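Asks: Here it is, the structure, as structure tokens.
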Amino acid sequence: MLLYNLYNLIHDAGSRVAIVGVTSCLDATDHLEKRVKSRFSQRTLRFPPLQRSTDFIQILQNALQLPLKAPPAAAAGNSGNGSDGNDAVVADCHQVSSIQKAQYVQRFNTALKLLLKHPALTKHFHQMSLATSDARAYLQLARVALSQLTLEHPFLRVEALCTPIGSSAA
């Protein structure tokens with residue numbers, strides 16, 4: 001009903017608006033009500049599924065690469081009242097200089113580029129690409145690998161990205 005009202009408003013106002021919907025379902029427009037389908041031009045763009053492991057590696061690199069420029073800092077209004085136990089961690093983060101942060105970002109991104117070219121990973125990603133064309137599986141691997149970062153191991157490791165999802169990682 002909401003989609004119909006939106007299309008109706010656009011149609012009545014004579015405006016030109018693009019509404020973008022993203023789905024992996026190829027017949028999504030077939031599931032719309034007749035009155036909704038009658039309101040839009042039926043122009044759709046279809047993108048082929050990813051098939052090469054290099055496509056997935058590029059997605060992983062884009063998702064994992066740290067920005068060279070730090071996002072604006074959040075407002076510093078935390079008075080320490082109602083502490084949730086993270087005050088010490090936050091204080092430690094603020095003690096790291098911007099130079100140290102920039103050096104870490106540079107080292108992390110360089111290590112990431114080298115890691116994604118590792119023969120064991122390229123073989124693993126190739127095998128995954130034969131089994132699935134869903135980029136979310138690769139991003140899930142990235143989440144698992146990121147969860148294993150520690151102060152002792154501040155960079156991603158081959159073993160972490162080759163660990164099957166659902167298996168217990170050390």
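The values are calculated or read from the model by the stated rules, or taken from the named source; none is laboratory data. Please read all numbers here as calculations on a predicted model, not as lab measurements. Because the Cβ atoms are built from the backbone with ideal geometry, glycine has one as well, and the counts that use them run over all protein chains shown. All accessible areas refer to the heavy atoms of the entire protein, side chains included, with ligands and DNA or RNA removed. Shrake-Rupley method; radii C 1.70, N 1.55, O 1.52, S 1.80 Å.
Asks: Mind listing just one residue for me: the one in the range 102-118 that is open to solvent by 70 Å² or more (accessible area, probe 1.4 Å) and in contact with a helix residue (DSSP H, G or I) (Cβ under 8 Å, 6 or more places away or on another chain) and, of those, farthest from Q61 (Cα to Cα)?
Replies: Among those residues, the one meeting the criterion is H118.
Asks: Only one of L130, L121, L141 is aliphatic (A, V, I, L, M), loosely packed, with under 14 Cβ neighbours inside 10 Å and in a helix (DSSP H, G or I). Can you tell me which?
Replies: L130
Asks: Restricting to the range 118-149, name every residue that is under 20 Å from the mean Cα position of the chain (by Cα) and among the charged types (D, E, K, R).
Replies: Scanning the range 118-149 gives D134, R136, R143.
Asks: Oh, and also: Can you pull out every residue in the range 26-45 that is within 21 Å of L9 (Cα to Cα), under 31 Å from the mean Cα position of the chain (by Cα), of a type outside the set (S, T, N, Q) and at pLDDT 75 or above?
Replies: Scanning the range 26-45 gives a single hit, L32.
Asks: Just name the residue that is modelled with the lowest pLDDT out of those in the range 53-65 that are more than 14 Å from L112 (Cβ to Cβ) and in contact with a helix residue (DSSP H, G or I) (Cβ under 7 Å, 6 or more places away or on another chain).
Replies: S53
Asks: Within the bounds of the range 66-86, is there any residue that is outside any loop (DSSP other than H, G, I, E, B), in contact with a helix residue (DSSP H, G or I) (Cβ under 6 Å, 6 or more places away or on another chain), modelled with pLDDT of 75 or more and among the aliphatic types (A, V, I, L, M)?
Replies: no
Asks: Can you pull out the residues in the range 144-170 that are of a type in the set (A, V, I, L, M), modelled with pLDDT of 85 or more and exposed (fewer than 12 other Cβ atoms within 10 Å of the Cβ)?
Replies: L151
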